[in-house]
Amino acid sequence: MSSPPDRRPGRPDGRPNLAERTGERWRPPALEPPKSGVGRLAFAVRRFLDLQVGSIWNDVAGDLGAASGKVVDVGCGAQPYRALLPPTVRYVGLDIAAAGERFGYARPDTIYFDGGRWPVEAGGADLVLCTEVLEHVIEPRVLLAEAHAALRPGGQLLMTVPFAARWHFVPYDYWRFTPSSLKHLLEEAGFADIVVRARGNALTVACYKAMALFLPLLFPQGANRLLALMLRLVALPFTPLFMALACTANLSIRGPGGDDCLGYTVKARRSRT
């Protein structure tokens, strides 16, 4: 006997079953590294307007700029943060074989693998970089164990994860992590000297969510030219508000991180013993 429809207030019938979703209505443009002067300018504008990308860039720039030896960038996508590394670094980009199908990234200088054992020398990396990847890994313990194995004793893991972020790359977005869960998982994997810092605070998140309302209008996807033009015309009067939110958010990121934040930047080391 089937159960009766749920008619409680605020829970109308007909809501979609999100467990069956296999795609998303709007996806941010692929994060590609700049290839020219104009590209570098466009990428700077992207970092200002895309608060997740901009906050990550700012957080990892110092560590990547001081990196040496061998750097393994796992889940590297289009390798957008490689430009921050010194030219003397030996860079290895890793990603899963399904990265093109699932996330739209495919580069000839990336090593693609099945998502299990990493095809790199054990204990040979000075730095493992992992930006916005862990939430897309169905078994995060496996990835962290491989990162630990890839590092030399004393080597560093530099990782970012989202927190106040929409469900993205549906259905391949599985987790949201807290500092408590990150500390637990990293200690379990054998890491020490764990530092977790928030990117932004409640004000940053409020601006980020408000800006997200305008993005499908400013950058429509899947619409014909006439509809796309109409959507942009609707958004045009709100452009000053959009820019004001972006300015406020970028200023707020410079303040102390809060319990409600865009995401977390994590540093940890493999024990020297």
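Would you mind finding the one in Arg272, Arg176 that is exposed (fewer than 13 other Cβ atoms within 10 Å of the Cβ), in contact with a Pro (Cβ under 9 Å, 6 or more places away or on another chain), in a loop (DSSP other than H, G, I, E, B) and not hydroxyl-bearing (Ser, Thr, Tyr)? Steps first, answer last, please.
Working: Arg176 fails: exposed (fewer than 13 other Cβ atoms within 10 Å of the Cβ).
Checking each option against the conditions leaves just Arg272.
Of Trp57, Trp118, which residue is in contact (Cβ under 8 Å) with a residue 24 or more places away in the chain, aromatic (Phe, Trp, Tyr) and in contact with a Leu (Cβ under 7 Å, 6 or more places away or on another chain)?
On the way: Trp57 fails: in contact with a Leu (Cβ under 7 Å, 6 or more places away or on another chain).
Being in contact (Cβ under 8 Å) with a residue 24 or more places away in the chain, aromatic (Phe, Trp, Tyr) and in contact with a Leu (Cβ under 7 Å, 6 or more places away or on another chain) holds for just one of Trp57, Trp118, which is Trp118.
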### Summary
Taking segment 17-34 and the residues there that are of a type in the set (A, V, I, L, M, F, W, C) and part of a loop (DSSP other than H, G, I, E, B), the one that is modelled with the highest pLDDT would be Leu31
### Task
Could you please find all residues in segment 138-184 being within 23 Å of Leu64 (Cβ to Cβ), free of Cβ contacts under 8 Å to residues at least 60 places away in the same chain and of a type in the set (A, V, I, L, M)?
Leu144, Ala149
### Message
The conditions are (1) surrounded by fewer than 19 Cβ atoms within 10 Å (Cβ to Cβ); (2) under 15 Å from Val71 (Cβ atoms); (3) within 17 Å of the chain's Cα centre (by Cα), and Val89 fails exactly one of them. Which is it?
### Response
(3)
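Please verify whether segment 234-245 includes one or more residues that are touching a Cys at 6+ places or on another chain (Cβ under 7 Å), assigned to a helix (DSSP H, G or I) and surrounded by 13 or more Cβ atoms within 10 Å (Cβ to Cβ). Even if it seems obvious, please write down each step before you answer.
Narrowing segment 234-245 to residues touching a Cys at 6+ places or on another chain (Cβ under 7 Å): 245.
Now narrow it down to the ones that are assigned to a helix (DSSP H, G or I): 245.
The next check asks that each one be surrounded by 13 or more Cβ atoms within 10 Å (Cβ to Cβ); those that pass are 245.
Yes - at least one qualifying residue is present in segment 234-245.
For segment 179-210, which residues satisfy the criterion of being in a helix (DSSP H, G or I) and farther than 26 Å from Arg269 by Cβ? Quick ask: steps written out before the conclusion?
Here is the first cut: in segment 179-210, the ones in a helix (DSSP H, G or I) are 179-188, 202-210.
Answer for segment 179-210, where residues must be in a helix (DSSP H, G or I) and farther than 26 Å from Arg269 by Cβ: Ala202, Leu203, Thr204, Val205, Ala206, Cys207, Tyr208, Lys209, Ala210.
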### Task
Restricting attention to segment 99-114, report how many residues are crowded, with 16+ Cβ neighbours inside 10 Å and under 22 Å from Arg21 (Cβ atoms).
3
### Tabulated pairs, segment 76-102, first farther than 13 Å from Val133 by Cα, second buried (at least 16 other Cβ atoms within 10 Å of the Cβ) and small (Gly, Ala, Ser), C-beta under 6 angstrom, 6+ apart or interchain
Leu85/Ala67; Val89/Ala67
#### Entry: Test result for Gly54, of a type in the set (Gly, Ala, Ser), crowded, with 20+ Cβ neighbours inside 10 Å and either touching a helix residue (DSSP H, G or I) at 6+ places or on another chain (Cβ under 9 Å) or at pLDDT below 95 (or both)
yes
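Table: residues versus (1) in contact with a Ser or Thr (Cβ under 6 Å, 6 or more places away or on another chain); (2) of a type in the set (Phe, Trp, Tyr); (3) on the phi > 0 side of the Ramachandran plot.
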residue: Gly116; (1), (2), (3): no, no, no
residue: Asp126; (1), (2), (3): no, no, no
residue: Thr131; (1), (2), (3): yes, no, no
residue: Leu134; (1), (2), (3): no, no, no
residue: Val142; (1), (2), (3): no, no, no
residue: Gly154; (1), (2), (3): no, no, yes
### Output for segment 201-222, where each listed residue is buried (at least 17 other Cβ atoms within 10 Å of the Cβ) and either in contact with a strand residue (DSSP E or B) (Cβ under 9 Å, 6 or more places away or on another chain) or among the polar types (S, T, N, Q) (or both)
Asn201, Thr204
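The values are calculated or read from the model by the stated rules, or taken from the named source; none is laboratory data. Being a predicted model, the structure only gives us computed values, none of them experimental. A quick note on method: Cβ atoms are made from the backbone with ideal geometry, for glycine too, and the neighbour counts reach across all protein chains shown.
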